[in-house]
Amino acid sequence: MSKKWKPETRAIRDTFKKDANAGAVSAPITLSTNFEREADGSYKHGFVYSRIDNPNRQLLEQSLATLESGAAAVAFSSGMAATSAAFQLLELGDHVILPVDAYYSTQELMTGLFEKWGVKMTTVDMSDPANVRNAVTESTKLIWVETPSNPGLKVSDIGVISSIAHDIGAICVIDNTWATPVIQNPLKFGADIVMHSSTKYLGGHGDVSGGALILKDNSFEEKLKKIQQLSGAVPSPFDCWLITRGIKTLFARYKVQQNSAHELANFLSNHPQIDKVHYPGLMSHPQYEIAQKQMVGGFGAMLSVEVKGDAKKAMMLADSLKLFTTATSLGGVESLIEHRKSVEGENSPTPDNLLRVSVGLENVKDLIDDWEEALNKI
Ligand SMILES: *Cc1c(COP(=O)(O)O)cnc(C)c1O
């Protein structure tokens, strides 16, 4: 692939493969689970068995690696499978630092599965790197960062936290699901591994689950490939095909979605019925400067708002919106809204009156009008 190509071009070209059989422009889906051996016992095309590797996964992994400017990528059947693979790099007694507002299942995975195997965890507010530094212990081996965070849109400094990790011989993994490689490339700021839930913006249409780890260099490649191949949480060839197809339109989709999110955030931040708007592109955002530094292509298409009033009022508002479907997940073409506290449960630190918004590809004026009408109703 040509080095001079810009990311938008690479997203198209890296997911394209010349097809020797039929000249198909859209890559064929190879469903075969097994591949033919030559007389000498070798495999002409390098594929043996589809759990180990297959043409659609190979194409996806190559594309993911270049999207994040990494040395290699390892694809999984969900974001959680990717997260779980990263945690499997840990040894008995190792310590992990997680953001206090990490994706809820990331924390649950740690407390529900890995803690019983002797892995210890501390959660801190990472928007202040001093909290990370203070949480370091002799056995800290992995610092997990999610920026912007879910659902508070807090921003953490990837460069500073990566160097805290490196000073103590630990690795820094960034969950880059929300920012996407369109606007944020954590490996360029010093992170070691990027994690994606490709279920979100990469797939982009809410119709495929997937996850990935993208690696700065080859030091963990062999271990993570082994975890992928032996644990077996691999994406199917069709999953890989859908995600590579999503990647082709990622830049175009995300740029429109984030412009609309920014406009909606501006509108809501001036509305008397809205108490707070959490969006890294607002100058009032507490980490606006860090966001400007590391979110180089914009501020993303996710925001959350705190409605003036209680949980009931927030849920009423969500219900009054016509263009925002009340559903979980994010990153698809349809705008979505979700009352997070009721999803995360009573112990969640998320405010009662918070609604999380995933801005889709609808016309932005329609979206803003929809909010205006709904806010007038409640
Ligand atoms: C969705 C999500 C995950 C988990 O990914 P799945 O594909 O649902 O397993 C992890 N982190 C973030 C930030 C997410 O939004």
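The values are calculated or read from the model by the stated rules, or taken from the named source; none is laboratory data. Bear in mind that the values here come from a model prediction, so they are computed numbers and not experimental data. Positions of Cβ are backbone-derived with ideal geometry, glycine not excepted, and every protein chain shown enters the neighbour counts.
Go through Phe47, Phe87 for me and flag whichever is in the same structural domain as Gln228 (by TED's automatic domain parsing) and away from the ligand (no atom under 16 Å from the Cβ). Can you show your working first?
Numbers: Phe87 fails: away from the ligand (no atom under 16 Å from the Cβ).
It is Phe47.
When you go through Thr122, Thr137 one by one, which is the residue that is outside the structural domain of Gly297 (by TED's automatic domain parsing) and closer than 29 Å to Ser342 by Cα? Lay out the reasoning, then the answer.
On the way: Thr137 fails: closer than 29 Å to Ser342 by Cα.
Answer to the check: Thr122.
Given (1) within 16 Å of the ligand (Cβ to nearest atom); (2) over 20 Å from Thr147 (Cα atoms); (3) assigned to a helix (DSSP H, G or I), where does Lys248 come up short, assuming only one miss?
In the conditions (1) within 16 Å of the ligand (Cβ to nearest atom); (2) over 20 Å from Thr147 (Cα atoms); (3) assigned to a helix (DSSP H, G or I), Lys248 misses (1) alone.
Where the second residue is more than 13 Å from the ligand (Cβ to nearest atom) and among the basic types (Lys, Arg) and the first is at negative phi and assigned by TED's automatic domain parsing to the domain that holds Val234 and lies in the stretch 181-199, which pairs have Cβ atoms under 8 Å and are six or more apart or on separate chains?
So the pair list comes out as Val182/Lys255; Leu187/Lys216; Ala191/Lys216; Asp192/Lys216; Ile193/Lys216.
Evaluate the following for Ala233: is it assigned to a loop (DSSP other than H, G, I, E, B) and free of Cβ contacts under 8 Å to residues at least 60 places away in the same chain? Working first, answer last.
Numbers: assigned to a loop (DSSP other than H, G, I, E, B): yes; free of Cβ contacts under 8 Å to residues at least 60 places away in the same chain: no.
In short, no.
Can you list the strands (runs of 3 or more DSSP E) found entirely within the stretch 49-168 that contain at least 2 residues being over 30 Å from Pro237 (Cβ atoms)? Walk me through it before giving the result.
Details: elements: 72-76, 95-99, 120-124, 140-146.
Those strands (runs of 3 or more DSSP E) span 95-99, 120-124, 140-146.
Taking the residues in the stretch 280-310 that are under 19 Å from Val357 (Cβ atoms) and of a type in the set (A, V, I, L, M) as candidates, determine which candidate is surrounded by the most Cβ atoms within 10 Å (Cβ to Cβ).
Looking at the filtered set, the residue picked out is Ala301.
Can you pull out every residue in the stretch 1-43 that is touching a residue at least 40 places away in the same chain (Cβ under 8 Å) and surrounded by 13 or more Cβ atoms within 10 Å (Cβ to Cβ)? Let's see the steps before the verdict.
Within the stretch 1-43, the subset touching a residue at least 40 places away in the same chain (Cβ under 8 Å) is 1, 7-8, 10-12, 14-15, 17, 26-27, 29-31.
Residues satisfying the conditions are Pro7, Glu8, Arg10, Ala11, Ile12, Asp14, Thr15, Lys17, Ser26, Ala27, Ile29, Thr30.
Table: residues versus (1) within 16 Å of the ligand (Cβ to nearest atom); (2) assigned to a strand (DSSP E or B).
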{"residue": "Lys276", "(1), (2)": "no, yes"}
{"residue": "Gln292", "(1), (2)": "no, no"}
{"residue": "Val296", "(1), (2)": "no, no"}
{"residue": "Gly300", "(1), (2)": "yes, no"}
{"residue": "Leu330", "(1), (2)": "yes, no"}
{"residue": "Asp352", "(1), (2)": "no, no"}
